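Inspection log for the structure reproduced underneath, given as structure tokens.
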Amino acid sequence: MESTEFGWDELLDRIEMGNVIPVIGQGLYWVRTEENKDVLLYRHLADRLAQTMGHPSPEQSNHAFSKMVLQYLKERSNDYLGLRKFLIEELSSLYPIPEGPLWKLSRIKPFSLFINTTYDHFLEQILNSIRIYPTEVLYHTHKEKRTDRVTPQMSDNLKDSRGSLLLHIYGSAAKNMVPAYTENDMLETVVEFQKDMDKEPRNPLFQALKEKSLLFIGCGYDDWLSRFFIRTIANEPYQPPSDLLKRRYICDDFEAPNLGELEPFLKSHYSHVFFSRDHKGFVNRLFDKVKNEHIIPEEEFPDTAFISFHGKDREIAVRLASELRKDGVKVWLDQSALRPGDRVDETIIKAIDKCTVFIPLISESTKQFQRNEDVVNYHIREWERAYTQHLRGKNPTEIMPVKIDNTDWMYEPFKKKIFISIPGGNSGGDYLKLKESLLRIQNNTRLP
């Protein structure tokens, strides 16, 4: 139930000034199964682990997942590799709920740094579907006891809400062999993280954590761990903050034996507390309260697909784009009358860099006019740009070549890509496969 003392006005002021960092826990991770059921992700994973071991589903608990992971590792001789494989397979069959709480938090412009306490990549994927610049990601590696380095680009993202920086403080199932799954490992991780903060006081990430307010949502920590985590991540284990910017806002349902003892402790550490099991409701209220100018409008979301073509294939490109748009796919297509004689200008470069999928149209025209020393073909420059960005881990996250005639040619860097055949750009051939793939990516429904 919401406390009448909860500081909504102060929280909103701090958010709009860019002085709040969301710390996001399992309570916000609602997903949709292939059976079209909405479930709490880590509760679902705990149940699936129990089924795998032949155990009954665990009792309702904020840390049911951590407890089942501990049981799994005990029974299977610390088989972290098997656990990792299991989790990656399970995550691949689940879908983030469209327009859910993570989606709404990602649309709040002043949030440029996110702390994630889960092990999946759903938040990163959602951020990339909303923000023009790709999300930079850091990991605190539990066993190696270190935090990834902050690059100059990441530092810029801390100051620029067009992009975002995401820290997986407990690691990731896909990235790290041994994330901090259990409560004991989580405790060790936070201790090591604080040591990193002490060693590098000028690190922009650590400076931001020290200077800004923290908004804990859905972390669901037990009493002892909540006290430790809240004090340690702010790098102030022994005294309350002297700088009011360090105020914490906490929306959670702590598993404390005596909430009467926990709440005064939190308030004594400059925390506004919102006790609630309805984390989605809290985020919905927050989203509705933030002023419109601080919400990223849908028209500014990255386009799903960029269609790149040679000038002789313009008619086919327009036809394919029209079909996809009718089916609800967001498409960027340069329809300038000057193409391909004009330069690849800044507008086109930005469109390539912010698209999710790059679609080069492959044809006899592209074979005939492929780059040589005497001819400049601007579609090849677009392809080079997209491929370079792809190799760097930037957008586009996917390259899907589409053959529009019977050519046997393929641009060399794309030869290892699976191509789709759509003769003439009509809705025949592999069009349905392309459309469904693009809609799935656009709706942010699957892990990459």
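Only the coordinates and a few stated rules stand behind these numbers; no lab work does. Because the structure is a prediction, the values reported are computed rather than measured. We place every Cβ from the backbone using ideal geometry, glycine too, and count neighbours over all the protein chains shown.
Figures for the structure shown
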item: Interchain or long-range residues, amide H under 5 Å from Trp30's placed H; result: Leu41
item: Neighbourhood net charge (15 Å Cβ-Cβ; Lys/Arg +1, Asp/Glu -1) for Leu83; result: +2
item: Cα shape, segment 92-183, gyration tensor, a/c 1.5 rule; result: oblate
item: Separation between Cα centres of segment 284-298 and segment 29-77, rounded to whole Å; result: 33 Å
item: Over 22 Å between alpha carbons, listed pairs Lys145/Lys212; Lys145/Lys394; Lys367/Lys415; Lys74/Lys195; Lys199/Lys394; result: Lys145/Lys212; Lys145/Lys394; Lys74/Lys195; Lys199/Lys394
item: Fully extended contour minus Cα-Cα distance, from Leu391 to Arg277, at 0.36 nm per residue; result: 36.8 nm
item: Order by protection proxy (mean Cβ within 10 Å, highest first), peptides 142-152, 408-418; result: 142-152, 408-418
item: Extension gain, Asp79 back to Phe419 (0.36 nm per residue minus Cα-Cα distance, nm); result: 118.6 nm
item: Under 5 Å, built H, 5+ apart or other chain: amide partners of Ile420; result: Val402, Lys403
item: Beta bridges by DSSP in segment 302-442, antiparallel share as percent, to the nearest 5; result: 10 percent
item: Percent RCO, i.e. relative contact order, over segment 302-442, from Cα pairs under 8 Å lying at least 6 residues apart; result: 29 percent
item: Pairwise label distance in nanometres, Arg319 with Met177, each label 7 Å out on the Cα-Cβ vector; result: 5.3 nm
item: Unsatisfied cross-links (Cα-Cα over 25 Å) in the set Lys280/Lys326; Lys85/Lys354; Lys104/Lys267; Lys330/Lys403; Lys280/Lys435; result: Lys280/Lys326; Lys85/Lys354; Lys104/Lys267; Lys280/Lys435
item: Order by protection proxy (mean Cβ within 10 Å, highest first), peptides 314-323, 351-360, 107-116, 10-19; result: 351-360, 107-116, 314-323, 10-19
item: Segment 302-442 shape via C-alpha gyration tensor axes, a/c threshold 1.5; result: rounded
